[in-house]
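The values are calculated or read from the model by the stated rules, or taken from the named source; none is laboratory data. Not measured: the values here are computed from a predicted model. Note that each Cβ is placed from the backbone with ideal geometry, even for glycine, and that neighbours are counted across all protein chains shown. Note: accessible area is taken over every heavy atom of the protein model, side chains too, but ligands, DNA and RNA are not part of it. Shrake-Rupley method; radii C 1.70, N 1.55, O 1.52, S 1.80 Å.
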Amino acid sequence: MANNTRETYIKDTKKKKRKKVKLFIFVPLLVILIAGIGYGATLYSKAKSVADDSYEPIDRDSKRDARVDPNIDDVSILFIGVDDSEKRSNQSGTTRSRSDALMVATLNEKEKSVKLLSIPRDSYVYIPERGYSDKITHAHYFGGVTSTLDTVEELLEIPIDYYVKMNFDAFMDVVDALGGIDVDVPVTFTEQNSKDKAGAIHLEQGYQELDGEQALALARTRKIDNDIERGKRQQLIMQAIMKKAISVEGITKYSKVMEAVGSNMTTDLSFSDMQSLIAYATADNGLQVETLTLAGTDGRVDGKYIYQLDETALAETKSVLQQHLGLNSSFLSDSNDSTETDSTTDSSTLN
């Protein structure tokens, strides 16, 4: 049943070529940008302050020959959603979290178009940080943002120019700052809350107002179906957040909303970089997006569940993203020369 669901979703996705973007794609950035664009000097100053506080560049070797400028260049952004619950804390008190959501956005400056690829968290891929293959969610556990960036670059054979990392607590904090959101909950389910208390959240199927805890439960649950459907639920929440954010009621709460985003986000996009993205949203034909997913099948390695990517479909996806970023043959040749080929050993002790 799960495989049929994934195959149906993939077929449906391919039919939806270049549809108008849903605002949820850039939620972390739009919440800041909306306030900074048209609601006065005070909110603009607040937006800049939040963006500056969230700015956290990473010292890593770039696959680019020169630094990109999103005002004039095609660029890519990796969105990383993490779950830093108490269960993720180790004995030393530090948190080693897995990535629960990964999305790669490639932005073509000339077309003002976006391709958005969702990567299932259990995808079995080569992790350079470890030197063997494992679930992609573990890349962040072992090496944080840097390891995740390196792993995605290895998988897709494209440069990742920027990252935006959001703690899933942002869902909760932003929803509460907005005074709740209206969502058509697709299925009845029971889930733990943000403090990992089992069975604390129960939602019935149907249209209703959700508070932050309930929205987080809907976004994070994996018990009722699969990663593809989970991604759809997260999109529902993103849409609801943006609908409330641009409403008259939402505008009056922007200061609290920006604080909620800022306290849960880190990125190497500067405020100036964020502002350059406005051109995509205000293009004459409206920002266009094509959503992509990675075809694959359920499998097991050493008794643990994995999502085994289809190599032919993966190669096609790589080509699509590479072309959208305008990568030349020289770049692709250099990338292929440095690609690891030994990806058969799994030494992971995680689930």
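Could you tell me which trypsin sites (Lys or Arg not before Pro) in the range 176-230 are loop residues by DSSP with no more than 14 other beta carbons within 10 angstrom of their beta carbon?
Sites meeting the loop and neighbour criteria: Lys195, Lys197, Arg222, Lys223.
On average, how much accessible surface per residue is there in the range 52-190, in Å², for a 1.4 Å probe, leaving out ligands, DNA and RNA?
Normalised by residue count, the accessible surface of the range 52-190 is 38 Å².
For the range 151-201, I need the span (max minus min coordinate) of the C-alpha atoms along each principal axis, in Å, sorted largest to smallest.
41, 25, 24
Within straight cross-link reach of Lys197, meaning Cα distance under 18 Å, which aspartates and glutamates are found once same-chain residues fewer than 8 apart are removed?
The qualifying aspartates and glutamates are Asp83, Asp84, Glu86, Asp169, Asp211, Glu213.
Separation between the Asp59 and Tyr132 pseudo-spin-labels, each 7 Å from Cα along Cα→Cβ, expressed in nm?
If labels sit at Asp59 and Tyr132, their model points lie 3.0 nm apart.
So if R0 is 41 Å, what FRET efficiency would Ser272 and Gln308 give, r being the distance between their Cβ atoms, rounded to the nearest 0.05? Provide the component values of the computation, followed by the final result.
Working: r = 41 Å, r/R0 = 1.01.
That gives a FRET efficiency of 0.50.
Using the Kirkwood radius built from alpha carbon pairs, what does the Stokes-Einstein equation give as D for the range 166-319 at 25 °C and 0.890 mPa s, in µm² per second? All intermediate terms of the calculation are to be shown ahead of the outcome.
Numbers: Rh = 18.0 Å.
Rounded to a whole number, D works out at 136 µm²/s.
Mind grabbing the accessible area of Ile224 for me, 1.4 Å probe, Å², rounded to tens?
The accessible area comes out at roughly 60 Å².
Determine how large the accessible area of His138 is when every protein chain is in place; take a 1.4 Å probe and give Å² rounded to the nearest 10.
0 Å²
Which value, in nm² and rounded to one decimal, describes the direction-averaged projected area of the C-alpha convex hull of the range 56-175?
Average of the hull's projected areas for the range 56-175 equals 8.9 nm².
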